[in-house]
Amino acid sequence: MSLADGQGGYRVRFDWGPVGADAVSPGAAYVAVVDVLSFTTTLTVAVEQGLRVLPYRWRDDSAVAVARLHGAMLAVLRKEAGPGQVTLSPESILHANLRADGIDRLVLPSPNGSAISVRLADAGVTVIGVSLRNAAAAAAWVRERAGDRPVGVVASGERWPDGSLRPAIEDLLGAGAFLDGLTLPSEPSAASDGHSASASVAASAGDFSPEASAALWAWRGVAERAGDALRESVSGRELRGFGFAGDVDVASAIGVSKVVPVLRDGWFVDGGSLS
């Protein structure tokens, strides 16, 4: 058995980073990408406001050209933002009024969650963006549609200074919150796109790979104090130290969002609007 086949016998799979994404995606109906601080939180906030979001791998001049080509706003690095610009900071999107300014498209470069999303989409996978804000809604959406088909979950992680993957607790918790939602029974109500919620299939313990089970129980172990865990995590303390405590607060708002960003034709849009 190869490492890439290791979770293939399970309906619900979990792994880390871009290579882990490749490992859990074969045959999956959906793959949830989790990058809580900050790509998928910023993505969730943007889609809440009715924006279409193009994930982009690189933060370089090519991102400027792509944004110009699509008539989109380009999110820049937090420390590079000038007047009227938005950044990867979810707080900057939350307080911007882009739709009022006639902007309905956003290019969001990120070396982790965004790059993984593009990588999966290029391989033909249907990607959804998951944060703590929308984990419950995203799980319910997937339950209504995946049936007994496999579901993959990818914690994006961060990077050490040498470029290697740094597993990040905020992404483990976001993944666990989503996985917890997959186990819940469905509500007898109609889904917005015509799918019947009564046909929702909740995952059982036997459906979960050991890796997915570990993420699920990591979440359950700290769910009641998840906001504190996020603030005191390495990434949370780093952002607060740079003056972006507001981003951590936005990311810590558990379950406040009902949107489900789904990557279609290169753009994340709200799954609730898809037929």
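Can you tell me the FRET efficiency between Asp148 and Ala223 if r is taken as the Cβ-Cβ distance and R0 is 22 Å, rounded to the nearest 0.05? Provide the component values of the computation, followed by the final result.
On the way: r = 27 Å, r/R0 = 1.22.
Rounded to the nearest 0.05, the efficiency is 0.25.
Set Lys and Arg Cβ to +1 and Asp and Glu Cβ to -1, take the dipole of the chain about its Cα centre, and tell me which of Gly20, Asn134, Val64 lies farthest positive.
Val64
Starting from 0.36 nm per residue, how many nanometres of slack lie between Arg264 and Leu184 once their C-alpha separation is accounted for? List each step's numbers first, then the result.
Numbers: separation 80, 0.36 × 80 = 28.80 nm, distance 2.67 nm.
Fully extending the segment from Arg264 to Leu184 adds 26.1 nm.
Relative to the first principal axis of the alpha-carbon coordinates of the chain, what is the inclination of helix 113-122, with its axis defined by its Cα atoms, in degrees from 0 to 90 and to the nearest 10?
Helix 113-122 sits at roughly 60 degrees to that axis.
Among Trp217, Trp160, Trp16, determine the one that fluctuates most according to a GNM of the chain built with springs between C-alpha atoms less than 10 Å apart.
Trp160
Multiply the residue separation of Ala245 and His95 by 0.36 nm, subtract the distance between their alpha-carbon atoms, and state the gained length in nm to one decimal. Before the final figure, lay out the partial values.
On the way: separation 150, 0.36 × 150 = 54.00 nm, distance 1.46 nm.
Between Ala245 and His95, full extension yields an extra 52.5 nm.
What percent of all Cα-Cα pairs in the chain falls in each 10 Å bin, counting up from 0?
Computed distribution, short to long bins: 7, 32, 38, 19, 4, 0.
Could you give the angle, 0 to 90 degrees to the nearest 10, between helix 39-48's Cα long axis and the longest principal axis of the Cα atoms of the chain?
Approximately 80 degrees, to the nearest 10.
Going by amide H atoms built from the backbone, whose H comes under 5 Å of the H on Ala32, apart from near neighbours?
Ile128, Gly152, Val153, Val154
I'd like the FRET efficiency for Glu232 and Arg159, computed as 1/(1 + (r/R0)^6) with the beta carbon distance as r and R0 of 22 Å, rounded to 0.05. Don't skip to the answer; put the middle values down first.
Numbers: r = 20 Å, r/R0 = 0.93.
Rounded to the nearest 0.05, the efficiency is 0.60.
Kirkwood Rh over alpha-carbon pairs of region 199-275, then Stokes-Einstein at 20 °C and 1.002 mPa s: what D in µm² s⁻¹, rounded to an integer? Mind dumping the intermediate values first?
Details: Rh = 15.5 Å.
Roughly 138 µm²/s, to the nearest whole number.
A short reminder: the numbers here are calculations on the coordinates, not readings from a lab. Bear in mind that the values here come from a model prediction, so they are computed numbers and not experimental data. Neighbour counts are summed over all protein chains in view; Cβ atoms, including those assigned to glycine, are modelled from backbone coordinates with ideal geometry.
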